[in-house]
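A.B. asks: Sharing a structure, written as structure tokens. Questions coming.
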Amino acid sequence: MHRELEPQIPAASAGNENATRPEVVILGGGIAGLSVGYHLSQSKYGSFRIYEAQDQVGGLARSFNWHDADCDIAPHRLFSQNKALLKTLLSLVECNKIPRRSKIVLDGKWINDPISILELLRVNFPFRSLRLMMSYLTARLSIKRPFGNFDDFAKASYGHELNELFFKPYAEKLLGLESRQIAAAWGKRKLRVSGFRDIIRKNTKLYFKYFYYPKAGGYGAFARALGKPIKHNIETQHSLEKIVYRASEKIYECQFRNRQGDTVTTRSPALVSTLPLSTLLNLLGHSIEFHYRKLRLVYLHVNRDRVMDEQWVYFIDKSNIINRVSEFKNFYPRQSQTKKRSTILCAEITSDPDCSASAVVEELQRMKIIKAVDVLDTKRIDIANAYPIYDTHYERKLAEANEILKQYPDLFLLGRQAEFSHQDIDEIFDSAQQMAARYLKVLAQ
Ligand SMILES: Cc1cc2nc3c(=O)[nH]c(=O)nc-3n(C[C@H](O)[C@H](O)[C@H](O)COP(=O)(O)OP(=O)(O)OC[C@H]3O[C@@H](n4cnc5c(N)ncnc54)[C@H](O)[C@@H]3O)c2cc1C
């Protein structure tokens with residue numbers, strides 16, 4: 001069955017406030033889609049509708065309840081150096097300010113996260129620490145040039161030894177490529193440190209001492225807070241299947257499959273896409289493949305009051321299948337916690353997307369974090385598009401995609417998947433605000 005939605009009326013004449021405003025169609029109800037909708041809704045000119053494939057909004061930043069505990073799609077935390085932005089986000093959701101407690105397991109040794117260079121030298125004393133220092137000094141004294149790949153970037157910024165020990169194994173494990181196949185830009189974006197000086201000064205986004213986390217409902221509370229005031233503008237279980245751009249009318253026709261299996265068509269003069277970039281290009285009839293890394297999340301319900309002191313622990317070594325393990329209880333102040341005699345862990349795995357829950361349990365038992373007999377239940381969630389993979393061709397492909405998209409007026413891309421850019425929710429919320437403001441300014445003229 002095919003249902004046609006009312007065609008939208010293009011731009012209202014200036015000064016006529018009662019005229020119908022063109023409706024923006026927003027593709028995807030993750031943080032990016034919700035943030036644009038939220039910002040558009042703050043203005044009388046902002047008319048929009050969000051279409052989301054799943055039965056709930058939130059995308060990667062949603063939460064769910066399991067064994068009476070709020071769990072995130074891999075643990076999330078809020079930290080931003082932009083004070084005004086932080087204030088706005090904290091006005092949406094009541095949060096606790098939580099001191100960060102995290103560790104790194106590196107070369108089998110437990111060290112503090114973020115890395116302290118003094119500690120690194122101490123645990124590797126004497127031979128390796130000498131090599132670490134020497135290779136760092138050599139790197140700093142050598143001539144710098146633009147870096148083509150992550151391996152060159154990390155070696156030049158941190159020295160050969162620290163690259164081999166830390167950056168290279170973790171990057172390769174996370175992205176599934178050799179570090180020479182990873183673009184230098186990924187290092188700059190993800191590591192957010194440019195050298196030892198920053199490690200020592202601890203003045204980057206990586207070195208936050210505390211973070212914000214919702215008092216209730218998990219990190220998904222942000223998506224719920226953004227979605228609540230605009231709930232009447234959201235259609236869930238509407239999966240986009242086709243986009244046709246009618247150039248003569250400057251109209252986008254989008255075809256969705258809804259929960260009943262019917263086709264729903266919208267016509268709009270403007271589109272905001274938060275879908276993966278390859279998906280959007282394919283739907284428009286172009287084909288440029290951008291690669292995203294799959295992530296398997298294994299949740300464990302453990303019959304213990306608490307198993308770690310940390311919120312999260314990173315496993316850098318390639319011999320570990322787990323990238324990071326987190327304990328959700330530790331994202332709340334201890335005094336606010338219930339006396340519940342069980343806890344939930346979440347392990348993140350990229351190197352083996354088919355990894356079984358029992359392999360995770362075995363590894364955590366080997367690391368002396370849990371005992372297998374204490375595991376009451378397990379649950380797996382797979383994320384197809386967890387990490388945009390910045391391979392050494394991605395900048396060229398991004399330029400090609402931008403060139404193609406120039407022929408589509410009023411088509412905006414926003415978010416982690418759509419912009420193919422490693423972003424947190426504070427950055428997306430900020431970009432959404434700017435995008436909505438620009439769009440509303442044009443409409444108001
Ligand atoms: C492991 C991990 C840890 C992270 N940790 C943090 C953290 O600590 N702090 C932080 O702030 N951020 C963190 N992030 C990042 C954060 O989750 C993302 O930046 C953010 O959620 C991305 O939002 P988005 O709307 O751009 O994309 P998404 O959340 O992917 O939303 C896109 C939406 O589009 C929908 N969609 C897809 N295809 C279709 C279709 N055909 N039709 C209709 N709808 C469709 C999807 O269902 C989805 O809801 C983390 C991410 C990961 C993977």
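A.B. asks: Relative to the present Cα-Cα distance, how much length would full extension add between ASN402 and LYS340 at 0.36 nm per residue of separation?
C.D. replies: Numbers: separation 62, 0.36 × 62 = 22.32 nm, distance 5.15 nm.
Result: 17.2 nm gained on full extension.
A.B. asks: Anyone know which of ILE243, ILE182, ILE381 comes out most mobile in the 10 Å Cα GNM of the chain?
C.D. replies: Greatest mean-square fluctuation among the candidates belongs to ILE381.
A.B. asks: Okay, next question. Over 30 Å between Cα atoms: which of LYS44/LYS329; LYS190/LYS231; LYS173/LYS209; LYS97/LYS190; LYS250/LYS397; LYS215/LYS397 fall into that group?
C.D. replies: On the way: LYS44/LYS329 42 Å; LYS190/LYS231 33 Å; LYS173/LYS209 26 Å; LYS97/LYS190 23 Å; LYS250/LYS397 26 Å; LYS215/LYS397 42 Å.
With Cα atoms farther than 30 Å apart: LYS44/LYS329; LYS190/LYS231; LYS215/LYS397.
A.B. asks: Right, another one. Is it possible to state the helix-based mean residue ellipticity at 222 nm for the chain, with each DSSP H run of 4+ residues giving -39500 (n - 2.57), the sum divided by total residues, to the nearest 500 deg cm²/dmol? What is it? Could you put the intermediate results ahead of the total?
C.D. replies: Working: 12 runs with 121 residues, N = 445.
The per-residue figure over the chain is -8000 deg cm²/dmol.
A.B. asks: If you build a Gaussian network model of the chain, linking Cα atoms that sit under 10 Å apart, which residue out of ALA171, ALA359, ALA61 swings the most?
C.D. replies: ALA359
A.B. asks: Projected onto the charge dipole of the chain (+1 at Lys/Arg Cβ, -1 at Asp/Glu Cβ, origin at the Cα centre), which of PHE256, PHE420, CYS71 gives the Cα projection farthest towards the positive end?
C.D. replies: The residue sitting farthest along the positive end of the dipole is CYS71.
A.B. asks: On a 0 to 90 degree scale, rounded to 10, what angle separates helix 425-444 from the longest Cα axis of the chain?
C.D. replies: Roughly 20 degrees, rounded to the nearest 10.
A.B. asks: Using a simple spin-label model with points 7 Å from Cα along the Cα→Cβ vector, what separation in nm is obtained for ALA84 and LYS368?
C.D. replies: Distance between the two pseudo-spin positions: 5.1 nm.
A.B. asks: Using the Cα centre of the chain as the reference point, and only Cβ charges (+1 on K/R, -1 on D/E), how large is the resulting charge dipole? Debye, rounded to the nearest 20.
C.D. replies: On the way: 65 positive and 49 negative charges, 327 e Å.
Once rounded to the nearest 20, the dipole reads 1580 debye.
A.B. asks: Between helix 31-40 and the chain, what is the angle of the helix's C-alpha long axis to the longest principal axis, kept within 0 to 90° and rounded to the nearest 10?
C.D. replies: Long axis of 31-40 versus the principal axis of the chain: about 40 degrees.
A.B. asks: For GLN237 and ARG100, FRET efficiency with R0 = 45 Å and r from the beta-carbon atoms, rounded to 0.05? Walk me through the numbers before you get to the answer.
C.D. replies: Working: r = 38 Å, r/R0 = 0.84.
Calculated transfer efficiency: 0.75.
A.B. asks: How much length is gained if the chain between MET133 and ASN282 is pulled fully straight, taking 0.36 nm per residue apart and subtracting their Cα-Cα distance, in nm to one decimal?
C.D. replies: Details: separation 149, 0.36 × 149 = 53.64 nm, distance 4.87 nm.
Between MET133 and ASN282, full extension yields 48.8 nm more.
A.B. asks: Continuing with this model, one more query. Using the Cα atoms as the points, what is the convex hull volume per residue of the chain in Å³? Display every interim value, and only then the final one.
C.D. replies: Details: hull volume 70.6 nm³, N = 445.
Dividing the Cα hull volume of the chain by its residue count gives 159 Å³.
A.B. asks: Oh, and also: Which one, SER102, ASN303, ALA357, projects farthest toward the positive side of the charge dipole computed for the chain from Cβ point charges (K/R +1, D/E -1)?
C.D. replies: The one lying farthest along the dipole's positive direction is SER102.
A.B. asks: Once the Cβ-Cβ distance between ASP377 and ARG246 is put in as r, and R0 is 51 Å, what FRET efficiency do you end up with, to the nearest 0.05?
C.D. replies: Numbers: r = 52 Å, r/R0 = 1.01.
So the FRET efficiency works out to roughly 0.50.
A.B. asks: Tell me whether the range 230-272 comes out rounded, prolate or oblate; compute the Cα gyration tensor, take square roots of the eigenvalues as a ≥ b ≥ c, and use a/c under 1.5 as the rounded threshold.
C.D. replies: Numbers: a/c = 3.04, a/b = 1.52, b/c = 2.01.
It comes out oblate by the Cα gyration axes.
A.B. asks: How far apart, in nm, are two points set 7 Å out from the Cα along the Cα-to-Cβ line at PHE125 and at THR265?
C.D. replies: With each label placed 7 Å out from Cα toward Cβ, I get 7.4 nm.
A.B. asks: So, one more: GNM on the chain, C-alpha springs below 10 Å: top fluctuator among PHE208, PHE127, PHE328?
C.D. replies: PHE127
A.B. asks: Using only Cα atoms, tell me the angle between helix 394-405 and the longest principal axis of the chain; keep it within 0 to 90° and round to the nearest 10.
C.D. replies: With rounding to tens, the tilt is 10 degrees.
Bear in mind these aren't lab numbers, they're just calculated from the coordinates by the rules spelled out. In this text the structure is predicted, and so the values were computed from the model without any measurement. Note that we place each Cβ from the backbone using ideal geometry, even for glycine, and neighbour counts take in every protein chain shown.
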